Amino acid sequence: MTGEKRIALHKALQHLINCNSLENDSNTPDWMLADYLIACLDAWNEGVQAREKWYGREPKAVPVSQWPKEREVGGLGSGGQIAMPCEGPWQKQQAPNKR
């Protein structure tokens, strides 16, 4: 995943976490939870590559993460608000079932 795509994914995860108040349970900043989730995805991808190699299959080339310098100083989202509304297609209300 390119650095640009990683930033977009980080912002989207941070946005979803924030809009759903998922950071409240652990009292952890949303940007830190987004960092953690991306690190989980990276670990999964490394594990899949190791499995492929173990089975004798050719692992796919995975580019090295290219995080911007901001990540080293407390995450991409620290110190700023996301400029996205907390509405999205995942939040559309469905009509209640009539019984």
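The values are calculated or read from the model by the stated rules, or taken from the named source; none is laboratory data. As the structure is a computational prediction, the values presented were derived from the model and not from experiment. Here the Cβ positions follow ideal geometry from the backbone for every residue, glycine too, while neighbour counts run over all protein chains shown.
Search region 17-45 for residues being in contact (Cβ under 8 Å) with a residue 12 or more places away in the chain and of a type in the set (D, E, K, R), and hand back the single one that is farthest from residue 4 (Cα to Cα).
Filtering first and then ranking leaves 30.
From the list 23, 58, which residue is crowded, with 17+ Cβ neighbours inside 10 Å and in a loop (DSSP other than H, G, I, E, B)? So the residue among 23, 58 that is crowded, with 17+ Cβ neighbours inside 10 Å and in a loop (DSSP other than H, G, I, E, B) is 23.
Kindly check whether there is at least one residue in region 61-75 that is in contact with a Gly (Cβ under 6 Å, 6 or more places away or on another chain) and at pLDDT below 55. Yes, there is a match, as at least one residue in region 61-75 is in contact with a Gly (Cβ under 6 Å, 6 or more places away or on another chain) and at pLDDT below 55.
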